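Shown next, in structure tokens, is the structure this report addresses.
Read-outs throughout are calculated quantities, based only on the coordinates presented, and are distinct from any laboratory measurement. In this text the structure is predicted, and so the values were computed from the model without any measurement. Counting neighbours? That spans all protein chains shown, and the Cβs are built from the backbone with ideal geometry, glycine included.
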Amino acid sequence: GQSLEQPSEVTAVEGAIVQINCTYQTSGFYGLSWYQQHDGGAPTFLSYNALDGLEETGRFSSFLSRSDSYGYLLLQELQMKDSASYFCAVRDPGSGNTGKLIFGQGTTLQVKP
Amino acid sequence: DVKVTQSSRYLVKRTGEKVFLECVQDMDHENMFWYRQDPGLGLRLIYFSYDVKMKEKGDIPEGYSVSREKKERFSLILESASTNQTSMYLCASRPQSGELFFGEGSRLTVL
């Protein structure tokens, strides 16, 4: 089966850098996605890595190492509004073109002043 | 902008009632999904659909059914609601390639 592991909680201070790790076990691999969800809101897409390396989008970066079945989301210059839950997700290899995603349990990031 | 609209943000139902959760997307996406979200368990897939009238079971389909009569609409049905179905329900849609777009969620309480 498929499974993803990520820390349940992370705390950091405003202006700092935080890294949220995700390890996965899948029978096939089609890339690692990250979603952000503010309390009471809808999850929104942040990034997608299909190949090894770092993808940067503003203050957020995402990294993938397929050989280690590992990825992380890096948030720089933390702001209070970054307090949210962050989910990593992989595509179910048996789902064809539907893009069915399997999600990790989510990491709650608390940014303190 | 893609919009995924769920009919109700908050519902309170009694055990045994039939519950309908409606979801509509406005971007002509082929794929639609129903997830439930519970603390400590993340998002778990209930059912998904890749075309009109087509449906596939997800990881936790028991106690649920779905309907997709039109491309833009995907309904989740609880035939006889139970207290363990108290949860946040999230609908999402996705084109053939690209990310998921989620609705705001429907928080269901079953008493």
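Side notes on the structure shown:
- Summing Cβ point charges (Lys, Arg +1; Asp, Glu -1) relative to the Cα centre of the protein assembly as shown gives a dipole of roughly 680 debye.
- Here the Debye sum runs over all C-alpha atoms of the stretch B:69-111 as equal scatterers in vacuum, and log10 of I(q)/I(0) at q = 0.19 Å⁻¹ comes out as -0.72.
- In this Cβ point-charge picture (+1 for Lys and Arg, -1 for Asp and Glu), the stretch A:35-113 has a dipole of about 160 debye about its Cα centre.
- In sequence order, the stretch B:92-106 has phi-based couplings of 9, 9, 7, x, 4, 9, x, 8, 7, 10, 9, x, 6, x, 10 Hz under the Karplus curve 6.51 cos²θ - 1.76 cosθ + 1.60, θ = phi - 60°, and Gly or Pro positions carry x.
- Pairwise centroid distance, computed over Cα atoms, of the stretch B:19-38 with the stretch A:36-71, Å: 23
- The GNM of chain A, with springs linking C-alpha atoms under 10 angstrom apart, assigns the highest mean-square fluctuation among A:ASP52, A:ASP68, A:ASP92 to A:ASP68.
- Sorted by Cβ neighbour density within 10 Å, fewest at the top, the residues A:GLU56, B:GLU22: A:GLU56, B:GLU22
- Within the stretch A:8-113, trypsin sites (Lys or Arg not before Pro) in DSSP loop having at most 13 other beta-carbon neighbours inside 10 Å: A:ARG59
- Among the listed pairs A:LYS81/B:LYS13; A:LYS112/B:LYS3; A:LYS81/B:LYS18; B:LYS3/B:LYS70, those whose Cα-Cα separation exceeds 27 Å are A:LYS81/B:LYS13; A:LYS112/B:LYS3; A:LYS81/B:LYS18.
- Between the listed residues B:VAL52, A:MET80, B:GLY42, the Cα displaced farthest toward the positive end of the dipole of the protein assembly as shown, a dipole computed from Cβ unit charges relative to the Cα centre, is found at B:VAL52.
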